[in-house]
Amino acid sequence: MKPDTVGRPDGKSAASPPFHMTGLWADGILLTAAGERPVAELRPGDRVITRDAGMVTLRGITLRSLRAPLVRIREGSLGHRRPGRDVLLPAGQPILVRDWRARALFGRDQALVAASRLVDGEFVTHAGCATLDLCELDFDEPHILYLDGLEVASKRTSALATQGARRSLS
């Protein structure tokens, strides 16, 4: 006998989208070998400047429009010209913090943390849920990228979080 449960008529789970989703804002500006370029204009084969490995080759890019909880980071709120303009990121997007915030909030010289963990209610704020064009960049391994002056992870992985804390990124 099947248990009496609430669900969708097609029998599949009624799940909400995961709040850990990441991706780079398609309108964001990324540092590449050809200069600053919008993320959505990148193509496989482009060379991207990373903090942890210098120049790397982009293997693939996936563009998605997703409804997700967002965080707005106001221009200049994370340091001099960091970010260079107001930025919207998925709440789960990992950002490398390596200033007084890392020491004060996380007890380390640098920390790779979800954007939502930096919310202060004034300069870094929750921006509600909205549909945003996000690009997931595929490299041979995860990297720290320069997006609008922020240092962000190319993708969310536990390996990156632990390596990022141990690997010398200075």
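How about region 46-74: which of its residues are of a type in the set (Val, Ile, Thr), open to solvent by less than 20 Å² (accessible area, probe 1.4 Å) and out of contact with any Asp or Glu (no Cβ under 8 Å at 6 or more places or on another chain)?
Scanning region 46-74 gives Val48, Thr50, Val71.
Taking Ala161 and the conditions (1) at pLDDT 90 or above; (2) over 26 Å from Gly35 (Cβ atoms), which numbered condition does it fall short on, given that it satisfies the others?
Only one criterion in (1) at pLDDT 90 or above; (2) over 26 Å from Gly35 (Cβ atoms) is unmet by Ala161, namely (1).
Each row is one residue, and each column tells you yes or no for (1) free of Cβ contacts under 8 Å to residues at least 12 places away in the same chain; (2) open to solvent by 40 Å² or more (accessible area, probe 1.4 Å).
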position: Gly76; (1), (2): yes, no
position: Gly84; (1), (2): no, no
position: Leu89; (1), (2): no, no
position: Phe106; (1), (2): yes, yes
position: Asp109; (1), (2): yes, yes
position: Val119; (1), (2): no, yes
position: His126; (1), (2): no, yes
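Any idea which residue in region 128-151 is nearest to Ile29 (Cα to Cα), counting only those that are open to solvent by 20 Å² or more (accessible area, probe 1.4 Å) and assigned to a loop (DSSP other than H, G, I, E, B)?
Result: Gly149.
From the set of residues in region 13-36 that are open to solvent by 50 Å² or more (accessible area, probe 1.4 Å) and closer than 15 Å to Asp148 by Cα, which is modelled with the lowest pLDDT?
Asp27
Taking into account only those residues within region 79-95 that are over 11 Å from Ala127 (Cα atoms) and under 15 Å from the mean Cα position of the chain (by Cα), which is modelled with the lowest pLDDT?
Among them, the one singled out is Arg82.
The values are calculated or read from the model by the stated rules, or taken from the named source; none is laboratory data. Owing to the predicted nature of the structure, the values given are computational and were not obtained by experimental measurement. Please note: Cβ atoms are built from the backbone with ideal geometry, for glycine as well, and neighbour counts cover all protein chains shown. Just the protein is used for accessible areas: all its heavy atoms, side chains included, with ligands, DNA and RNA removed. Shrake-Rupley method; radii C 1.70, N 1.55, O 1.52, S 1.80 Å.
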